[in-house]
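To keep things clear, I will list the structure first and then write my remarks on it.
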Amino acid sequence: MTGLLPPTVLVIEDDPEVLGIIRAHLAGAGYRVLVATGGESGLELARTQPVDLITLDLFMSPVDGRDVFHQLRADVATRNIPVVLVTVADELASKMDAEGLVSKPFVGRRLLAEVRRLVSLS
C-alpha cells in the first residue's frame, strides 16, 4: 500500500468499455485507479507511479499484453508488482507466472476478489 492513500491499481486495457467497467468496480470498492489504454503507456505508468497491483489485458496492439508482462517482470522497478491477467485466453494465461487471473467476460465481484486477495484496503 502506498502510505495513507488507498491501494493503487493500474489498469492496462485497450477496450474502452472493459476499461470503464474495471475502473468503476475498483473505484467503487475504494481503490485508487490509474488507467492506460495501451502497453507502452502502461509500462510508463508502472515505472513512474507508485502502483500496488496491475490488471493487464493480454491481447492489445501494438504492444501485446504478453510482451508487457515480460517487460514488467524483467524490470527491477516493476518485477514485484502483482499482476492480475484479465483475458479470454485462460489456457495461455495459466502458463504465465502472474499472481492472478480473471476470465473475460468477467463478473465484477470475481475481479474484486482477485484484487483483494493480493492487495488489502486496510
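The values are calculated or read from the model by the stated rules, or taken from the named source; none is laboratory data. The structure displayed is predicted, hence computed values, not measured ones. Don't worry about glycine lacking a Cβ; one is built from the backbone with ideal geometry, like all the others, and counts go over all protein chains shown.
Structure notes:
- The residue list Val68, Val86 contains one member that is surrounded by 14 or more Cβ atoms within 10 Å (Cβ to Cβ) and either assigned to a strand (DSSP E or B) or basic (Lys, Arg) (or both), which is Val86.
- Residues satisfying the stated conditions in segment 19-37, i.e. in contact (Cβ under 8 Å) with a residue 24 or more places away in the chain and under 12 Å from the mean Cα position of the chain (by Cα): Ile22, Leu26, Val33, Leu34, Val35, Ala36, Thr37
- Matching residues in segment 1-27 - criterion: being assigned to a loop (DSSP other than H, G, I, E, B) and among the β-branched types (Val, Ile, Thr): Thr2
- Listed by first and then second residue, the pairs with beta-carbon distance under 7 Å, at least 6 apart or on different chains, first residue in segment 69-86 and within 18 Å of Pro7 (Cβ to Cβ), second small (Gly, Ala, Ser) and in a loop (DSSP other than H, G, I, E, B), are Val83/Ala98; Val84/Ala98.
- Here Met60 meets the list (1) within 21 Å of Leu112 (Cβ to Cβ); (2) touching a residue at least 40 places away in the same chain (Cβ under 8 Å); (3) of a type in the set (A, V, I, L, M, F, W, C) almost entirely, failing just condition (1).
- Selection status of Gly30, at pLDDT below 90, at positive phi and assigned to a loop (DSSP other than H, G, I, E, B): no
- Answer residue from segment 5-18, given it is over 19 Å from Arg116 (Cβ atoms) and over 14 Å from the mean Cα position of the chain (by Cα) and is surrounded by the most Cβ atoms within 10 Å (Cβ to Cβ) among those: Pro16
- Yes/no for Ala74 being surrounded by fewer than 18 Cβ atoms within 10 Å (Cβ to Cβ) and at pLDDT 95 or above: yes
- Checking each residue in segment 33-65 for being among the polar types (S, T, N, Q) and not in a helix (DSSP H, G or I) picks out Thr37, Gln49, Thr55, Ser61.
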